[in-house]
Amino acid sequence: MNMKTITRDNLFNLICKNKSNIFSVVFLKKDGSIRKMICRFGVKKHLKGGSLKFDPIKRGLLVVFDMQKESYRMINLKTITNINMKGVEYNVQD
C-alpha cells in the first residue's frame with residue numbers, strides 16, 4: 001500500500017475530489033477515543049428532508065455517510081489522523 005503525507009489544508013479538497021467513492025478515515029472522537037470509519041462523502045439517498053441549522057464546513061466538520069452503521073456522521077477535520085482512499089493511505093499533518 002502506498003503511504004503519503006497530506007497537509008490538513010489539502011485534506012478537504014482530497015475528500016471532495018473523491019466524492020462518491022468509499023474511503024476509510026481514522027480520527028479522534030470528542031470523548032478522546034480513536035475511531036476508524038468506512039464512509040462516503042456526498043451521499044444524498046438517505047436524507048429525510050430536514051436541513052442543518054448551520055454550515056458544517058464553516059465549523060470544520062465533514063458530513064459523511066457511515067457505511068457500517070448506515071447513518072450520517074460528522075467528523076471534525078482537525079482530528080483526522082489518517083485517511084485511506086483508492087489504495088493510498090495518507091498521513092495527515094498540520
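The values are calculated or read from the model by the stated rules, or taken from the named source; none is laboratory data. For clarity, every value in this text was computed on a predicted model and none was experimentally measured. Every residue, glycine among them, receives a Cβ derived from its backbone with ideal geometry; neighbour counts consider all protein chains shown. Quick note on the areas: whole protein, heavy atoms, side chains included, nothing else; ligands and nucleic acids left out. Shrake-Rupley method; radii C 1.70, N 1.55, O 1.52, S 1.80 Å.
Averaged over its residues, region 1-76 has an accessible area of 72 Å² per residue, based on protein heavy atoms and a 1.4 Å probe. For the chain, a simple Cβ point-charge model (Lys and Arg +1, Asp and Glu -1, everything else neutral) yields a dipole of about 320 debye relative to the Cα centre. Here the chain carries DSSP beta bridges of which approximately 80% are antiparallel, counting only pairs with both residues inside.
Report summary: the helix-based calculation at 222 nm, which adds -39500 (n - 2.57) for every DSSP H run with n ≥ 4 and divides by the residues of the chain, gives -3500 deg cm²/dmol.
Against the chain, whose longest principal axis is taken from its Cα atoms, helix 8-18 shows a tilt of about 60°.
Overall, the accessible surface of the chain at a probe of 1.4 angstrom is composed of carbon and sulfur to the extent of 51 percent. A 1.4 Å probe over all protein chains sorts 73, 8 by accessible area into 73, 8, starting with the largest. Lysine pairs in the chain whose alpha-carbon atoms fall under 17 angstrom of each other, counting only those eight or more residues apart or on distinct chains, come to 17.
Taking Cα extents along the principal axes in Å as calculated from this structure, the corresponding entry among [x] 39, 24, 24; [y] 55, 29, 15; [z] 38, 29, 20 is [x]. Stretching the chain fully between residue 91 and residue 69 yields a gain of 5.4 nm (0.36 nm per residue, less the alpha carbon separation). Place +1 on the Cβ of every Lys and Arg and -1 on the Cβ of every Asp and Glu in region 8-65, take the dipole about the Cα centre, and give the residue among 12, 52, 26 whose Cα lies farthest towards its positive end. It is 52.
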